[in-house]
């Protein structure tokens, strides 16, 4: 499976790159509040391990200000990787991209299409909202959780409010 989300932000690539470099660090401006936190065993860099919720992964590539690759470990319910990267489109316009390239295994063969795909997409959309808000001070088109995601969140994560626009 391939799952990609992207956001064009009216800010220089260095602004988005600085936000990317703060991922999983103190005062992380990207990771959405209300979701299981992203935790790493050391500062962001190749070799750091961690994850969020019950899903673990390791940082296998890190280009400061440009790209982070996380790979799922052996025995994980996924075989593959996900990346978060930025690229400049113009002097004042950049893009942040999240891509998941993985093969689900075991129970995830059913859990991914029914549950996790939708909550994963909502989490990444919230992260991209945070990137745009931190870079520009506002979000032009805030992501909205679908009724399905709101129900799943109520069942699995307890009461959590959808992010404000």
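So, residue 24, is that one within 12 Å of the chain's Cα centre (by Cα) and either farther than 19 Å from residue 117 by Cβ or surrounded by 16 or more Cβ atoms within 10 Å (Cβ to Cβ) (or both) or not?
Taking the combined requirement at face value, the residue satisfies it.
Can you tell me which residue within the stretch 12-36, out of those that are touching a strand residue (DSSP E or B) at 6+ places or on another chain (Cβ under 6 Å) and either part of a loop (DSSP other than H, G, I, E, B) or modelled with pLDDT under 95 (or both), is farthest from residue 70 (Cα to Cα)?
Looking at residues that are touching a strand residue (DSSP E or B) at 6+ places or on another chain (Cβ under 6 Å) and either part of a loop (DSSP other than H, G, I, E, B) or modelled with pLDDT under 95 (or both), I get 36.
What single numbered condition from (1) modelled with pLDDT of 95 or more; (2) surrounded by 15 or more Cβ atoms within 10 Å (Cβ to Cβ); (3) not in a helix (DSSP H, G or I) fails to hold for residue 140?
(2)
Residue pairs, Cβ under 6 Å, 6 or more apart or interchain, first in the stretch 3-29 and on the phi > 0 side of the Ramachandran plot, second outside any loop (DSSP other than H, G, I, E, B). List them.
Going by the 6 Å Cβ cut-off, the qualifying pairs are 24/38; 24/40.
Looking at this structure, is residue 165 closer than 18 Å to residue 10 by Cα, at pLDDT below 95 and assigned to a loop (DSSP other than H, G, I, E, B)?
yes
Assess whether residue 154 counts as being under 17 Å from residue 33 (Cα atoms), without any contact (Cβ under 8 Å) to a residue 24 or more places away in the chain and more than 18 Å from the chain's Cα centre (by Cα).
yes
The values are calculated or read from the model by the stated rules, or taken from the named source; none is laboratory data. Keep in mind that what you see is a predicted model, and the values were worked out from it rather than measured. Neighbour counts are summed over all protein chains in view; Cβ atoms, including those assigned to glycine, are modelled from backbone coordinates with ideal geometry.
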